[in-house]
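Here is the structure we will look at, set down as structure tokens.
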Amino acid sequence: MVGSRSFSDASLPLFAGTAPASKRPETVKQPSYIRDHRKRLRDRFLSGGATAMPDYELLELVLFRAVPRQDMKPLARQLLEVFGDFNAVISAPLPRLLEVAGVGEAVATELKIVEAASHRLSRARVLQRQVISSWDALLDYCHTTMAHRETEQFRVFFLDRKNVLIADEEQAQGTVDHVPVYPREVVKRALEHNASALILVHNHPSGDPTPSSADIDMTGQIRDAARTLGIELHDHIIIGRSCEISFRARGFL
């Protein structure tokens, strides 16, 4: 019969769902130099922690989970070149991450998981704790969640009579230089939480935490509205790229 082939013909395609053993993903071995490099980095991290590791090596450790069989040092260095430092890479918006050559869904997802974990850990250090005794942790949380944002975000911390932080809420998101804030809504949420005091927080994407006249006016409006209901405004903190400003410390409250 013309064109017929025996079942022993090596040119026949394999059955659906199979592939030659040499090409199956699970049999592709990691090059020894990559495997050894990864082991050395992991050992250093486990023995000495992250403090002695430069940003690109810490970033490599994160990327190892997303891409199991490639040298991740070039991508780690490229991400740092684009965004600046480890925190900025982790905090970068998803669309911007995906614009970087070599960053696919797996890499972007891994970075966002690390970001979410860091936010949750830092939040756990301040929620249900007295603010006075955990002030540094509160500032760390604010910087972790807000310092590298590309748009303004306005948050409110609600405190009880003992100054224990009972709730943390994002009230509004805005643009690169403005966020809409409604004093009535802030006070309404305070009443719903049965809060006795408030701390306001927002970020300046420019990196400069110096308050604008609009920031000062808005703070005064919230202070006055809260005070009529017996709620104290303890502070308003503006988060910059690497520092913050306290309205209370600067004499604005």
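Any read-out appearing in this document is the output of simple, stated calculations on the displayed coordinates, not a laboratory observation. For clarity, every value in this text was computed on a predicted model and none was experimentally measured. Note that each Cβ is placed from the backbone with ideal geometry, even for glycine, and that neighbours are counted across all protein chains shown.
Here is how the numbers come out for the structure above:
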quantity: FRET efficiency, 1/(1 + (r/R0)^6) with R0 35 Å, evaluated for ALA50 and THR228 via beta carbons; calculated: 0.15
quantity: Extended-chain gain in nm, criterion 0.36 nm per residue less alpha-carbon gap, GLU169 and CYS243; calculated: 24.5 nm
quantity: For segment 98-114, 3J(HN,Hα) per residue [Karplus equation, 6.51 cos²θ - 1.76 cosθ + 1.60, θ = phi - 60°, Hz, x = Gly/Pro]; calculated: 5, 7, 7, 4, x, 9, x, 4, 5, 5, 4, 5, 4, 5, 5, 5, 4
quantity: Segment 136-177 shape via C-alpha gyration tensor axes, a/c threshold 1.5; calculated: oblate
quantity: Computed P(r) (all Cα pairs; the chain; 10 Å bins; percent); calculated: 6, 24, 25, 17, 13, 7, 4, 3, 2, 0
quantity: Calculated FRET efficiency for the pair LEU98/LYS39, C-beta based, R₀ 35 Å, to 0.05; calculated: 0.70
quantity: For segment 40-97, Kirkwood radius (reciprocal of mean inverse C-alpha pair distance, Å); calculated: 11.9
quantity: Sites SER213 and THR151 - FRET efficiency at Förster radius 30 Å, r taken between beta-carbons, to 0.05; calculated: 0.90
quantity: Highest average packing first - 92-104, 72-84, 194-206, Cβ atoms within 10 Å; calculated: 194-206, 72-84, 92-104
quantity: Nonlocal amide H pairs with ARG149, under 5 Å, H built at 1.01 Å; calculated: none
quantity: Segment 80-162 shape via C-alpha gyration tensor axes, a/c threshold 1.5; calculated: prolate
quantity: Overall dimensions of segment 128-250 by Cα: Rg and Dmax, Å; calculated: 13.3, 36
